[in-house]
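Before any comments, here is the structure.
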Amino acid sequence: AAQEAEAAVIFAGLPDSFESEGYDRTHMRLPDCQNELIRRVLAVQNRVVVLLHCGSPVKLCHLEQ
């Protein structure tokens, strides 16, 4: 579907288990499954928008087309 669309929109963010009050995360990455989804969509579509829904900063993986 992403390949045939004018553009792809991906909603990504942190699950509740990654974001909570009272403890620190051990890393700042998005879940691996979300980075993989972004990589796969970028492989077939040049026009991609990633909307992040997070309550804290995140580091996106290195994404190459």
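Angle of helix 32-44 to the longest C-alpha principal axis of the chain, folded into 0 to 90 degrees and rounded to 10: 20°. Taken per residue, the accessible surface of region 1-60 reaches 75 Å², heavy atoms only and a 1.4 Å probe.
Placing +1 on the Cβ of every Lys and Arg and -1 on the Cβ of every Asp and Glu, with no other charges, gives the chain a dipole of roughly 200 debye about its Cα centre. Using a cutoff of 8 angstrom between alpha carbon atoms and counting only pairs six or more residues apart, the relative contact order for the chain works out to 49 percent. The accessible surface of the chain, taken with every protein chain in place and a 1.4 Å probe, is 51 percent carbon and sulfur. The label point for Val9 and the one for Leu52, both projected 7 Å from the Cα toward the Cβ, are 1.9 nm apart. When the Cα positions of Ala8, Asn35, Asn46 are compared along the charge dipole of the chain, Asn46 comes out farthest toward the positive end, with charges on each C-beta of Lys, Arg, Asp and Glu. The helix-based estimate of mean residue ellipticity at 222 nm for the chain, built from -39,500 (n - 2.57) per DSSP H run of four or more residues and divided by its residue count, is -6500 deg cm²/dmol to the nearest 500.
The values are calculated or read from the model by the stated rules, or taken from the named source; none is laboratory data. As the structure is a prediction and not an experimental result, all values here were calculated from the model. Using ideal geometry, Cβ is built from the backbone for each residue, glycine included, and neighbour counts are taken over all protein chains shown. Side chains included, ligands, DNA and RNA excluded: accessible areas come from the protein's heavy atoms. Shrake-Rupley method; radii C 1.70, N 1.55, O 1.52, S 1.80 Å.
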